[in-house]
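To keep things clear, I will list the structure first and then write my remarks on it.
The values are calculated or read from the model by the stated rules, or taken from the named source; none is laboratory data. Note that the structure is predicted; figures quoted are calculated from it, not measured. Cβ: placed from backbone, ideal geometry, glycine included. Neighbour counts: every protein chain shown. Just the protein is used for accessible areas: all its heavy atoms, side chains included, with ligands, DNA and RNA removed. Shrake-Rupley method; radii C 1.70, N 1.55, O 1.52, S 1.80 Å.
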Amino acid sequence: MPHVVTVLGSASSHSRSANLLERVELPLAQRSIESVRVEIRKLAPDALLGGDVAHPQIAEAIAAIESADGVVVATPLYKASYSGLLKVFLDLLPRDALRCKPVLPLATGGSLAHLLAVDYALNPVLASLGAEHIIGGVFATEADMRQLAGTFELSPSVATRLSEAVDGLAQIIEDKQDLRALRCRPPSVHVSKEPSTNACAA
Ligand SMILES: Cc1cc2nc3c(=O)[nH]c(=O)nc-3n(C[C@H](O)[C@H](O)[C@H](O)COP(=O)(O)O)c2cc1C
């Protein structure tokens, strides 16, 4: 079963970014794509800040990302950028940790003032980790996610954008699985001898 790692970069226990991730994990499960959540704020702080990649919690999180078929990163915007918590974690990932994986960035902010922070701050870091396919991110303001009965009500426009982004992510993962299945057939059935033009499909 393919799996996606959903990375939460919020320090808050009642988080809009976490709510966006829940809205990604459910439709992925309905398409038989498992989600493994990495909540950075719950990782051992000494190991996280000290860069102890041998610590079991950190090692497990890194291994989950390395073996994932896709990655979703959700972060609040703090001081016109993505969260420092997320940066500390991303700094621990090996070079190319995101290579050959579709990556979907999600962000929540107080207003649209720093809408472009995903493009100018987060996406370059994801690209530096090898991400070649960064799906168009989804940004939600506090007005898009009003508190309601202990949860958040999502505006219809953001709900639509999120649903389209999840469809795009799932489609890429399913297509890759189909490719792998094709390549795993016995040689007598696998007729094409053409080398792949896409190294990530291997
Ligand atoms: C310390 C702090 C700094 C913030 N800075 C920004 C900012 O620069 N731009 C912005 O749009 N929102 C900013 N916000 C608002 C948060 O991004 C917003 O409330 C977000 O939805 C919080 O996400 P979370 O609930 O997942 O933690 C800030 C919030 C805090 C607490």
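Would you compute, from DSSP H runs of 4+ residues alone, the mean residue ellipticity of the chain at 222 nm, taking -39500 (n - 2.57) per run and dividing by the full residue count, rounded to the nearest 500?
On the way: 6 runs with 73 residues, N = 202.
Taking each H run of at least 4 residues, the total per residue is -11500 deg cm²/dmol.
Which residue fluctuates most in the GNM of the chain (Cα springs below 10 Å): Leu20, Leu28, Leu148?
Leu148
Between Gln57 and Ala11, what length in nm is gained on full extension when 0.36 nm per residue of separation is reduced by their alpha carbon distance?
Stretched out fully, the Gln57 to Ala11 stretch lengthens by 14.8 nm.
Compare Ala64, Ala121, Ala97 in a GNM of the chain, Cα atoms joined below 10 Å, and give the one with the largest fluctuation.
Among Ala64, Ala121, Ala97, the largest GNM mean-square fluctuation belongs to Ala121.
What FRET efficiency would be calculated for the residue pair Asp91, Glu34, taking the C-beta separation as r and a Förster radius of 30 Å, to the nearest 0.05? Walk me through the intermediate numbers first.
Values: r = 26 Å, r/R0 = 0.88.
So, using R0 = 30 Å, E works out to roughly 0.70.
Using a 1.4 Å probe and ignoring any ligands, DNA or RNA, find the accessible area of Arg180 and quote it in Å² to the nearest 10.
Estimated to the nearest 10 Å², Arg180 gives 90 Å².
Probe 1.4 Å, all protein chains in place: accessible area of His14 in Å², nearest 10?
80
Place a point 7 Å from the Cα of Asp175 along the Cα-to-Cβ direction; which residues of the stretch 84-102 have their backbone N under 18 Å from it?
Those under the cut-off are 99-102.
Please report Rg over Rh for the stretch 37-126, where both radii come from the alpha carbon positions and Rh follows the Kirkwood definition.
Details: Rg = 13.2 Å, Rh = 13.7 Å.
That ratio is 0.96, to two decimals.
Probe radius 1.4 Å, ligands and nucleic acids ignored: give me the carbon and sulfur share of the accessible area of the stretch 3-201 as a rounded percent. Don't jump to the answer; show the numbers that get you there.
Numbers: 5470 of 10060 Å².
Carbon and sulfur: 54 percent of the exposed surface of the stretch 3-201.
Given R₀ = 30 Å, FRET efficiency for Leu49-Glu164 by Cβ-Cβ distance, to 0.05?
Efficiency for this residue pair is about 0.25.
Between Leu26 and Leu116, what is 0.36 nm times their sequence separation minus the Cα-Cα distance? Round to one decimal in nm.
Extending this stretch completely gives an extra 29.7 nm.
Kindly report the accessible area of the stretch 62-122 per residue (heavy atoms of protein chains, probe 1.4 Å, no ligands, DNA or RNA), in Å².
On a per-residue basis, the stretch 62-122 sits at 40 Å².
Over what distance in Å are the Cα centres of the stretch 116-181 and the stretch 31-106 separated?
Their Cα centres are 15 Å away from one another.
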